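All remarks here apply to the structure that follows.
The values are calculated or read from the model by the stated rules, or taken from the named source; none is laboratory data. Bear in mind the structure is a predicted one, so any value in this text is a computation, not a measurement. Reconstructed Cβ throughout: ideal geometry from the backbone, glycine too, with neighbour counts over all protein chains shown.
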Amino acid sequence: MFEVTFVTNGAVAVGYRLFNEIFYGITIVMTSTKKIISPINDCSCIQNKVSEFLYKPIENVEALGIRKEHFNELMENAYPKSILSSIPLRYKKTV
């Protein structure tokens with residue numbers, strides 16, 4: 001994926017492929033009561049790597065997307081730079 005997707009409502013399964021079989025391990029769920037929007041592929045974009053995971057919508061999903069080059073350009077601003085180091089940590093903890 002060459003974009004970052006921000007799930008604003010719905011559920012997305014996160015999985016991986018092993019020996020041509022697909023396994024889904026966790027689910028990213030967004031509701032109106034949850035205050036933090038869940039990004040998909042943000043870590044891969046800032047580290048310029050290919051995502052190793054598969055994403056599949058479980059139900060109707062509402063999301064916003066931004067292309068990788070625009071996302072990385074936004075990450076050069078002051079506030080995003082301050083949280084840049086926490087993105088890989090959140091990714092490793094969550095996914």
query = Do you know which residues across region 50-76 are without any contact (Cβ under 8 Å) to a residue 24 or more places away in the chain and either within 21 Å of I28 (Cα to Cα) or in a strand (DSSP E or B) (or both)?
reply = V50
Tabulated pairs, region 17-42, first aliphatic (A, V, I, L, M), second surrounded by 10 or more Cβ atoms within 10 Å (Cβ to Cβ) and at pLDDT below 80, C-beta under 6 angstrom, 6+ apart or interchain = I28/S38; M30/S38
ask   = Can you tell me which residue in region 14-33 is modelled with the highest pLDDT, limited to those that are over 14 Å from A63 (Cα atoms), surrounded by 12 or more Cβ atoms within 10 Å (Cβ to Cβ) and of a type in the set (A, V, I, L, M, F, W, C)?
value = V14
note = Filter region 34-86 for residues that are surrounded by 17 or more Cβ atoms within 10 Å (Cβ to Cβ) and among the β-branched types (V, I, T); the one that is farthest from N20 (Cα to Cα) is I66
request  = Could you tell me which numbered condition P39 fails, if it satisfies all but one of (1) at pLDDT 75 or above; (2) within 15 Å of V12 (Cβ to Cβ); (3) part of a loop (DSSP other than H, G, I, E, B); (4) not basic (K, R)?
outcome  = (3)
key: Restricting region 77-95 to residues that are touching a helix residue (DSSP H, G or I) at 6+ places or on another chain (Cβ under 9 Å) and not in a helix (DSSP H, G or I), the residue that is modelled with the highest pLDDT   = L84
ask   = Would you pick out the residues in region 54-74 that are within 15 Å of the chain's Cα centre (by Cα) and either farther than 15 Å from A13 by Cα or of a type in the set (V, I, T) (or both)?
value = V61, L64, G65, I66, R67, K68, F71, N72
